[in-house]
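**Q** Sharing a structure here in structure tokens format.
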């Protein structure tokens, strides 16, 4: 637990903030903005919200305190129970069993506190045997011994009168009979705004030396936390824990998202680098591509001059060599920039088809894509046929 940096405790007419940092002064009725400045604030529980009962219990059996309070029908609904060990004797522990509720505590205070202590536990040890103070609604008192506070209570009385002093006197007698106190009190202190008559009445009734101080002394935190958190404080702790988990989950999710964004950005950067590199390579190859394209163009221009398969007379010879006999004769032969048109006559359809197939399979004419028309009758014992061939590099009509 972090070291406390302030204590918020009830006073006679409200609440008082006692900063534990050097050079800081007390603040009456602080607002939430002032409370939010403290990271480890201790909340002093009013006596009105607590019920304290001293119990002798075996060592290590703190759960018996709650059973004892329950058996006495002293537990309020939703009350939280804690035990504060005071001292050990004969194998038993005198513990102050405390039942705490949210009564009298502004709910917003729980949002800023990290630890709760009954206000009676914040008085200095060995300061006085009986301490009397005023909370907003009525008088309260605490009884101490050298080891610490052994009892405190909210009385409901508003003045130091015979009823109030009689209540303290009867409580002291009961605590002595139970072995909680070994002797009668010798000193009492009135804390806050009390008159000299109040001081004399209390001293005379308890037969003790009585002192009156105007302000609360500087609070002293017990070395061991009392663990007396009221239900509202426990709910605030659970809420902070949930908020912390949500914040942690959000932080982890944000970190994962950031890593994913970084990886995506790195991948995009690599892709851009690759595109830039490929663009540079393509730009560097444009001259080579242009030179290759010019070479292809030049080859097309000169091929008809240097490739024997493109000579018109050689092609005509190849076509004529495929004539199956005297029954087939050519009537038209035309070559124009890679396009070849052939027309002729045959004695019958079968000879016309035979000639067309032989032309298609002729080795010098294999580069042509041929289209043929169905032979047509052209007279008695005569059919006319036509076929056209086109080379892949044939010039188009626009060239």
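The values are calculated or read from the model by the stated rules, or taken from the named source; none is laboratory data. As the structure is a computational prediction, the values presented were derived from the model and not from experiment. Note that we place each Cβ from the backbone using ideal geometry, even for glycine, and neighbour counts take in every protein chain shown.
**Q** Across segment 170-183, what is the total count of residues that are assigned to a helix (DSSP H, G or I) and either touching a helix residue (DSSP H, G or I) at 6+ places or on another chain (Cβ under 6 Å) or free of Cβ contacts under 8 Å to residues at least 12 places away in the same chain (or both)?
**A** Selection size over segment 170-183: 5.
**Q** Are there any pairs with C-beta distances below 9 angstrom linking a residue in segment 368-388 that is touching a residue at least 60 places away in the same chain (Cβ under 8 Å) to a residue that is in a strand (DSSP E or B), with the two at least 6 apart or on different chains, and if so which?
**A** Listed pairs, sorted by first residue: none to list.
**Q** Next question, about the same structure. For segment 104-117, does any single residue satisfy the condition of being assigned by TED's automatic domain parsing to the domain that holds residue 29, under 46 Å from the mean Cα position of the chain (by Cα), surrounded by 19 or more Cβ atoms within 10 Å (Cβ to Cβ) and under 19 Å from residue 53 (Cβ atoms)?
**A** yes
**Q** Are any residues in segment 343-365 in contact with a helix residue (DSSP H, G or I) (Cβ under 6 Å, 6 or more places away or on another chain) and either exposed (fewer than 14 other Cβ atoms within 10 Å of the Cβ) or under 16 Å from residue 383 (Cα atoms) (or both), and if so, which ones?
**A** 346
A quick yes/no check of all residues on (1) assigned to a loop (DSSP other than H, G, I, E, B); (2) in contact (Cβ under 8 Å) with a residue 40 or more places away in the chain; (3) not assigned by TED's automatic domain parsing to the domain that holds residue 41:
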position: 212; (1), (2), (3): no, no, no
position: 222; (1), (2), (3): yes, yes, no
position: 246; (1), (2), (3): no, no, yes
position: 252; (1), (2), (3): no, no, yes
position: 261; (1), (2), (3): no, no, yes
position: 264; (1), (2), (3): no, no, yes
position: 267; (1), (2), (3): no, no, yes
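**Q** Can you pull out the residues in segment 106-126 that are under 18 Å from residue 217 (Cβ atoms) and modelled with pLDDT of 90 or more?
**A** Selection gives 117, 118, 119, 120, 121, 122, 123, 124.
**Q** Further, regarding this structure: Report whether or not residue 153 is touching a helix residue (DSSP H, G or I) at 6+ places or on another chain (Cβ under 6 Å) and either more than 23 Å from residue 96 (Cβ to Cβ) or not in a helix (DSSP H, G or I) (or both).
**A** no
**Q** For residue 326, indicate whether it is outside any strand (DSSP E or B) and loosely packed, with under 14 Cβ neighbours inside 10 Å.
**A** yes
**Q** Any residue in segment 20-39 that is outside any loop (DSSP other than H, G, I, E, B) and under 19 Å from residue 225 (Cα atoms)?
**A** no
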